[in-house]
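**Student:** Handing you a structure now.
The values are calculated or read from the model by the stated rules, or taken from the named source; none is laboratory data. Predicted model, so just to flag it, every value in this text is computed and none were measured. Because the Cβ atoms are built from the backbone with ideal geometry, glycine has one as well, and the counts that use them run over all protein chains shown. Keep in mind that these areas ignore ligands, DNA and RNA; they rest on the heavy atoms of the full protein, side chains included. Shrake-Rupley method; radii C 1.70, N 1.55, O 1.52, S 1.80 Å.
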Amino acid sequence: MTKKLLFLSALCLSAFSGLQAQTRLNLDLTKGVNVSPKLYGLMTEEINHSYDGGLYAELIRNRVFKDNPNQPDGWSVVQDGDSKASIQLIGADPANVPFDQGRNAINAALTTCLKLTVSQTNGNRAGIANSGFWGIPVTPSTTYRCSFYIKTGTVNFPRGNRPDAAPPATAVTEDGPGIINISLESTDGKTTYARGTINLEKSMYWKKHELTITTAANIKPTADARFVISSTRTGTYYFNLVSLFPPTYKNRPNGNRIDLMQMMADMKPTFLRFPGGNFLEGPYLGDAFPWKTTLGPLEQRPGHTGSWGYRASDGMGLLEFLEWCEDLKMEPLLAVFAGYSLRGDHIDAGPLLEPYVKDALDEIEYCIGDTKTYWGAKRAADGHPAPFKLTDIEIGNEDWFDRSHSYDGRFKQFQAAIKAKYPQLRCISTIESYKPDKVTSVKPQMVDEHYYQSAWQMEEDAAKYDSYDRATSPKIFVGEWATREGAPTTNLNAALGDAAWMTGMERNSDLVERSCYAPLFVNVNQAGNGQPKAWQWDSDLIGYTALKSYGSPSYYVQKMFGSYLGTKVVPITAENAPLRKPAVKDTAGIGHWPANARRPKAERAALFFVCTQDAKNVYLKVVNTDDMAREITISLKGGDVAANGTLVILKGDKPEDTNTIDEPNKIVPVTSTITGLGRSFKHTFQPYSVNVIRLSKRK
Ligand code: AHR
């Protein structure tokens, strides 16, 4: 553009803004409904490798060899120099599993092992290698905890023989005992980052070995690494439950990744909805989240078929979910399986549903029963005698998908049983009140509403709850929602849509008691090195690889909204504010996310705002989706504030701007001091921006 043109357009712009009537927001500090103390929480499930290859810190992929019955996914054979070796999956004889400890099974949960046959070494290494979840993170001065089961031979029990009987004469043992090497090394095997050894005895019986290995201080962080167990002797070796953990959050054994836990802590979430989502239900009836086999030592956890195309290790089990809540001071919001699975199978209300109801009651007892109860005692035996706190139980997930229309009866049956035993618990229906299949035979105290939409739709719907009838509506739990623009994580436009939508939830938080964005996590690895693409669902909140993590612009909006929240909503009247027209017809719900077509400017410019206060501060949130700055006069009624306050702003040059694993900080909030505040002040809100102004009340 020439200088002359630039000058002319600047002239036009100032003429235009000169014509703009002054926008005013009048804040009334004397009134306002209470803000729900549980307004912002988290939603989680095993999707996009959220746990295995994500939050759950285990670094070994396919540690119990059950991911694929045809091949040992994640594992390869190591043959250094002219050594010769092969690996093979060995499944236990299913008919013989309970008595098969001496053979291939360790117990009824760990029934598949990996056999390594080393036929030649000439002093070189041969062994097994695991490539982790798209690599293994190696960082300086880091201690890793390794453990694995190993044996050198197998016992040819006649079918049905008891393992405690003396080994029969046909027992077969081979070479192999001696030193076994454990190493964390580069994928090409040329650099060793950490190493250790165990002394393997000649044994046909499984033995667990545990050790720690530590990296040197001078290594460069990398995920281009593998975990190797090797020997320089010929022989036959059997492996099971191979595990490797880096340091975890709060040092919990079987714990979580530190960086991801910290990112969640920074959002100040008040609850965690788990274990799904679709992961609760599973594709078929037998695939629902099997909470009972997710308890206790890892040896008792066979894992199960997930809902997103890969098997779940269940290292993230029921107690781990609850401890995750404890670590981040969140209340658990447990969803119980309610007899409907993803491919459409269902159990009608009545006697056939009773075992599922009983299972849910047991699960609740595990969470909140005292230690005199059966499941409370089990929780204590698992290391957590103190009961957890539960307020709300969700009955199923997205049951409007159930074409048999059986949810009404199922919900009623679950609610009656839960209320009979735990009258203090609220049961959440998973069908919105405006859907045809909503529960009618009883009145749910709370309903879960899900919204996955474009930014445009989120903005159109931002005022949705303003008109909900408080007298007739159940309380609302927005249990899954997201502006779906950007992949794998969202872009700035999505963050603007999110923020607009959140102003509506916050303003109506007497009604919208809880909300949580979904999905929370995404492993952003593309397919490579024999591993498939890591994610199944676009537009997620927090992205990561084995080594690094980052927040999407939407993540920062969540953080800003969660961190600056009062206890009372401050009513606002607006003058000359460009407001987005509500949707002409209700497009809400799953399945509507057309591209956010650029609309005519007159329609596009929009402001969204909400204000809350507590005893000390006033928190004003303003979202400007326009490509132009807007000056606003802000006036307070019923209180005065200090001249200096805090401004937190998230903005970008273009709606498409985003953060990535390699450029994680393009769109991040910036905090500064804002001056000249008082009963009435002006502030210019930047284009494409989400703003929080914290005003300090004068005594
Ligand atoms: O968040 C992704 C999926 O969307 C959830 O598993 C399901 O509940 C919804 O359809």
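**Student:** If you take the beta carbon distance between Lys419 and Asp82 as r and set R0 to 51 Å, what does 1/(1 + (r/R0)^6) give as a FRET efficiency, to the nearest 0.05?
**Tutor:** FRET efficiency, Lys419 to Asp82: 0.15.
**Student:** Counting only heavy atoms of protein chains, what accessible area per residue, in Å², does the chain have with a probe of 1.4 Å?
**Tutor:** On a per-residue basis, 39 Å².
**Student:** Figure the gain on full extension for Asn199 and Ser186 (residue separation times 0.36 nm, minus the Cα-Cα span) and round it to one decimal in nm. Don't jump to the answer; show the numbers that get you there.
**Tutor:** Details: separation 13, 0.36 × 13 = 4.68 nm, distance 2.41 nm.
Using 0.36 nm per residue and subtracting the Cα-Cα distance, I get 2.3 nm.
**Student:** If you roll a 1.4 Å probe over the chain with all protein chains in place, what percent of the accessible area is carbon or sulfur?
**Tutor:** Answer for the chain is 54 percent, counting heavy atoms of protein chains only.
**Student:** May I ask you to compute the full-extension gain from Thr673 to Thr30, defined as 0.36 nm times their residue separation minus their alpha-carbon distance, rounded to one decimal in nm?
**Tutor:** Details: separation 643, 0.36 × 643 = 231.48 nm, distance 2.59 nm.
Fully extending the segment from Thr673 to Thr30 adds 228.9 nm.
**Student:** If Lys and Arg each add +1 and Asp and Glu each add -1, what is the summed charge of the other residues whose beta carbon sits under 10 Å from the beta carbon of Ser689?
**Tutor:** Residues close to Ser689 contribute a combined charge of +1.
**Student:** When you have a sec, figure out the Kirkwood radius of the stretch 402-552 from all distinct Cα pair distances and drop it here in Å to one decimal?
**Tutor:** Roughly 17.4 Å, rounded to one decimal.
**Student:** Using 0.36 nm times the number of residues separating Ser635 and His405, minus their current alpha carbon distance, what extension gain do you get? Mind dumping the intermediate values first?
**Tutor:** Working: separation 230, 0.36 × 230 = 82.80 nm, distance 5.17 nm.
Between Ser635 and His405, full extension yields an extra 77.6 nm.
**Student:** If we count every other residue with Cβ under 12 angstrom of Lys475's Cβ, Lys/Arg +1 and Asp/Glu -1, where does the sum land?
**Tutor:** Every neighbour counted, the sum reads 0.
**Student:** From a point 7 Å beyond the Cα of Ile179 in the direction of its Cβ, which residues of the stretch 218-251 have a backbone N at a distance under 20 Å?
**Tutor:** Those under the cut-off are 227-237.
**Student:** Give the aspartates and glutamates whose C-alpha is closer than 20 Å to that of Lys637, dropping any in the same chain fewer than 8 places away, or say none.
**Tutor:** Qualifying aspartates and glutamates at Cα under 20 Å: Asp28, Glu575, Asp614.
**Student:** Pairs of alpha-carbon atoms within less than 8 angstrom and 6+ residues apart define the contacts here; what relative contact order does the chain have, in percent?
**Tutor:** 16 percent.
**Student:** Ok, one more. Excluding Gln613 itself, what net charge comes from residues whose Cβ is under 10 Å from its Cβ, given Lys and Arg +1 and Asp and Glu -1?
**Tutor:** Within the 10 Å Cβ shell, the charges total +2.
**Student:** Only helical DSSP H runs with n ≥ 4 go in: add -39500 (n - 2.57) per run for the chain, normalise by residue count and round the 222 nm mean residue ellipticity to 500 deg cm²/dmol.
**Tutor:** Calculated at 222 nm, the ellipticity per residue is -5000 deg cm²/dmol.
**Student:** If each of Thr684 and Gln71 carries a label point 7 Å out from its Cα toward its Cβ, how far apart are those two points in nm?
**Tutor:** 6.1
**Student:** Taking every Cα atom in the chain, find the radius of gyration and the maximum pairwise distance Dmax, and write them in Å.
**Tutor:** For the chain, the Cα radius of gyration and maximum Cα-Cα distance read 28.7, 99 Å.
**Student:** Now for a separate question. Apply the membrane-span-like helix rule to the chain: whole DSSP H runs, Cα extent along the own long axis of at least 18 Å, mean Kyte-Doolittle hydropathy at least -0.5. List the helices found.
**Tutor:** 3-19, 354-368, 492-507
**Student:** May I ask you to list the trypsin sites (Lys or Arg not before Pro) in the stretch 427-532 that are in a DSSP loop and have at most 11 other Cβ atoms within 10 Å of their Cβ?
**Tutor:** Arg470
**Student:** Next question, about the same structure. For the stretch 350-397, what ratio Rg/Rh do Cα atoms give with a Kirkwood hydrodynamic radius?
**Tutor:** Details: Rg = 11.9 Å, Rh = 11.4 Å.
Looking at the stretch 350-397, the ratio lands at 1.05.
**Student:** Give me the aspartates and glutamates in straight-line cross-link reach of Lys435: C-alpha distance below 14 Å, same-chain residues under 8 apart excluded.
**Tutor:** Glu398, Asp399, Asp402, Asp408, Asp448, Glu449, Asp586
**Student:** Another one. To the nearest 0.05, how large is the calculated FRET efficiency for Thr567 and Ser473 if R₀ is 25 Å and r is the Cβ-Cβ distance?
**Tutor:** 0.65
**Student:** How many nm separate the modelled label positions at Asn218 and Tyr284, each set 7 Å beyond the Cα in the direction of the Cβ?
**Tutor:** According to this spin-label approximation, the distance is 5.7 nm.
**Student:** Same structure again: Scan the stretch 223-314 for chymotrypsin sites (Phe, Trp or Tyr not before Pro) in coil per DSSP, keeping those whose Cβ has at most 16 other Cβ atoms within 10 Å, and list them by number.
**Tutor:** Tyr284
**Student:** Under a no-solvent Debye model with one identical scatterer per Cα of the stretch 372-470, what's log10 I(q)/I(0) at q = 0.12, 0.13, 0.21 Å⁻¹?
**Tutor:** Taking Cα atoms of the stretch 372-470 as identical point scatterers yields -0.56, -0.64, -1.09.
**Student:** Same structure, new question: Please list, by residue number, everything in the stretch 661-694 whose backbone N is under 16 Å from a paramagnetic label point 7 Å out along Cα→Cβ of Ala643.
**Tutor:** 673-682
**Student:** Now for a separate question. If you filter the stretch 603-692 for trypsin sites (Lys or Arg not before Pro), then keep DSSP loop positions with at most 11 other Cβ within 10 Å, what is left?
**Tutor:** Lys616
**Student:** So what is the diffusion coefficient of the stretch 269-361 in µm² per second by Stokes-Einstein at 37 °C and 0.692 mPa s, using a Kirkwood Rh over Cα pairs?
**Tutor:** Details: Rh = 14.0 Å.
Approximately 235 µm²/s, per Stokes-Einstein.
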